[in-house]
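The values are calculated or read from the model by the stated rules, or taken from the named source; none is laboratory data. Source: prediction; values computed, not measured. Cβ placement follows ideal geometry from the backbone for every residue including glycine, while neighbour counts extend to all protein chains displayed. The area values use the complete protein model at the heavy-atom level, side chains included, leaving out ligands, DNA and RNA. Shrake-Rupley method; radii C 1.70, N 1.55, O 1.52, S 1.80 Å.
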Amino acid sequence: MPCPHPMLQPRTRGSDVPLTPLLTAHWDQPDLHTLHGYRRHGGYTALPQALGMSPDAIIQTVKDSGLRGRGGAAFPTGMKWGFVPQGDDRPHYLVVNADESEPGACKDIPLMMTDPHSLVEGVVITSYAIRARHAFIYVRGEVPFVVRRVREAVAQAYEAGLIGTNILGSGFDLDVVVHAGAGAYICGEETALLNSLEGLRGQPRLKPPFPAVSGLYSAPTVVNNVETIAYVPTIVERGAEWFASFGTEKSPGIKLFAMSGHVQRPGIYEAPMGIPFSELLGYAGGMREGHQLKFWLPGGSSVPLLTDAHLDIPMTYEDIAGAGSLFGTGTPMVFDETTSVVRAVSRWIEFYKHESCGKCTPCREGTYWLVDLLRRFDEGQAVASDLEKTLDVGEQIMGRSFCALGDAAATPYPSALKYFRSEFEDGTRRHTDELFPPAAATVFTEVNA
Amino acid sequence: MTTTDDTRAQMRQIVARYPQPRSAVMPLLHLTQSRDGSVTPEAIDEVAELLGMSRAEVTGVASFYTMYLRKPGGRFRVGVCINSLCAILGGDEIWESLVDYVGIDNHQTTDDGLISLERIECQAACTHAPVMTLNWEFLDNQTPASAREVVDKVRAGEPVASTRGPRVVPEIAAVGRSLAGVDDALDDSDNGLDPLTLAGLELARELGHALPASDAATADEGV
């Protein structure tokens, strides 16, 4: 099918921080998703290296690399692995969170699509390190193509003796199960994911205990994001020091950044942590012709908005937190001046209401009220007191539920109000469609005839 | 529908993948739905019995996840992402156009049982907005006109190719089997590469940006 999107514009800006294709280095090879293709480009060379190390040495290497979880929470990966009790007689599990569903996050799906074996190799190495002999890859259900790709990669790895019993003669045994979800954003929350995998409704558990102590089937379990695991083989192969030489001390390494929205050239850009947002935007070709940046979100819809006042902010956990937002998944969504911030926030909150699992009252009821209030702004039917009331409802949700979904629902509005208060005030008088004609924000020019 | 020996064997294979049988409830529901068109009371009995769960427990799972249906939908399910970014970049226009063109609204199915329309949430493809799905296979960078073309093809019985996925989008039942982990034979041999996924890599090559070598890996790292 032809792509009608006007995306491939020439790049106009220079940039100081070079792109660093590491995971993506061979993504253009049409057979990279096969075992043969992956091997031809150096795949499965880290695995024998890892199996020659002690599990503790691998954990130490990953600790030294400074790798932090790429699913949004940014917890130090090696430290998480280190929390798994060793020398106990209980089974340990590795569970890969491949439930990428956060609005704006779109890096794990293309990774699994183009290069599923990098994930599989990372799974084997990680399982060996944490002494798990059973690993699960929980892929969201709405991407059957990706489910097939990952299943196929796992099957090929079994056939080649890279998964199964006595892997490469090391005496290490591992089974890997690819598990498909069935449409529930909440299952990206690690304890909800574990419940789902146990055959329960996908509702979060109270923490502590944390999964490292009591996870799948109440056994010690590491839950890691796809991108996190996929970088593990490169760290084993090239060394912790090399990986940590990129980025900053607190935000080390190389990262998959996904740029989306009103940019000339949306896509996946692999770059060092700490690259300024303006540089990423430059690589993405800048804003579409004739338009200016209005607001952007560094990583998903669960983080506060930033504006053109934050263009030069380095993409690190600490710098983005310092600017009042969160790094999240590191997948910036970028919007220009044709966009109604009221409409954007309203849709995100509808999403959270739809995805609230219903377990905790503040989230279940609070998202209902937030949707109602935001709709009033969108339709020009709000009253002046709704501005504060919406803040108040958010505060009643924040920090009052088992998991972060409710917090996420309460997050976009306060920052949107802070930077664009007048637009919410306009929402007491005029419909969003009048204020921001939707056709101007679309990326196609055709009239909807 | 009655369970054939084949289905029963597939169900047992699925259960055997997991350390505890109960973990198989989701793939089994995907499988029975692909056979029956929805999650039927009979299927709930069947899954409950096989896994040693109560009917209420299986029903609890089936009713929690949006992909399990209480009534059969169309053989081709058309989804339009209406989450903020896709909606703003054109998803709303695409949705309105399809509602007019197909003549049904959200969660409805045409009288001939061919097409269902669904407003869907983020598909993790924001780089490719506005995004649609046909039986959950990606149709990236859509417009109202291209969306209507998809409907035309489905109505005419012509194959629709996913932009990143199978060359021929299968009927919904085949998708259920894929999710259950049986019958994965679809032709998707090299389809997954596209200019947006490769944007960074191609730009790095164009600009001559090379990955600094490590001591351990020096030889083959030209980009």
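The residue that is surrounded by the fewest Cβ atoms within 10 Å (Cβ to Cβ), among those in the range A:26-52 that are within 10 Å of another protein chain (Cβ to nearest Cβ) and in contact with a Leu (Cβ under 7 Å, 6 or more places away or on another chain), is A:Pro30.
When the range A:324-352 is filtered for residues that are closer than 16 Å to A:Ala410 by Cβ and open to solvent by 10 Å² or more (accessible area, probe 1.4 Å), the ones remaining, listed by number, are A:Gly324, A:Leu326, A:Gly328, A:Arg347, A:Glu350. The residues of the range B:64-102 that are part of a loop (DSSP other than H, G, I, E, B) and open to solvent by 10 Å² or more (accessible area, probe 1.4 Å), listed by number, are B:Thr66, B:Met67, B:Tyr68, B:Leu69, B:Arg70, B:Lys71, B:Pro72, B:Gly73, B:Arg75, B:Ile82. Scanning the range B:39-62 for residues being open to solvent by less than 50 Å² (accessible area, probe 1.4 Å) and assigned to a helix (DSSP H, G or I) gives a total of 11. Among the residues of the range A:297-329, those that are touching a Leu at 6+ places or on another chain (Cβ under 9 Å) and in a strand (DSSP E or B) comprise A:Leu297, A:Leu306, A:Thr307.
A quick yes/no check of all residues on (1) more than 14 Å from chain B (Cβ to nearest Cβ); (2) aromatic (Phe, Trp, Tyr); (3) buried (at least 24 other Cβ atoms within 10 Å of the Cβ); (4) farther than 19 Å from A:Leu67 by Cβ:
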residue: A:Trp242; (1), (2), (3), (4): no, yes, no, no
residue: A:Phe246; (1), (2), (3), (4): no, yes, no, no
residue: A:Ile275; (1), (2), (3), (4): no, no, yes, no
residue: A:Pro304; (1), (2), (3), (4): yes, no, no, yes
residue: A:Ala309; (1), (2), (3), (4): yes, no, no, yes
residue: A:Tyr317; (1), (2), (3), (4): yes, yes, no, no
residue: A:Ala321; (1), (2), (3), (4): yes, no, no, no
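Apart from one condition, A:Thr61 fits all of (1) open to solvent by 20 Å² or more (accessible area, probe 1.4 Å); (2) outside any helix (DSSP H, G or I); (3) of a type in the set (Val, Ile, Thr); the exception is (2). Determine, yes or no, whether A:Ala160 is surrounded by fewer than 24 Cβ atoms within 10 Å (Cβ to Cβ) and in contact (Cβ under 8 Å) with a residue 40 or more places away in the chain. When the stated conditions are applied, A:Ala160 passes them.
At positive phi, surrounded by fewer than 19 Cβ atoms within 10 Å (Cβ to Cβ) and in contact (Cβ under 8 Å) with a residue 12 or more places away in the chain, is that true of A:Gly399?
Numbers: at positive phi: yes; surrounded by fewer than 19 Cβ atoms within 10 Å (Cβ to Cβ): yes; in contact (Cβ under 8 Å) with a residue 12 or more places away in the chain: no.
So A:Gly399 fails the test.
Only one of the numbered conditions (1) without any contact (Cβ under 8 Å) to a residue 40 or more places away in the chain; (2) open to solvent by 10 Å² or more (accessible area, probe 1.4 Å) is violated by A:Tyr128, and that is (1).
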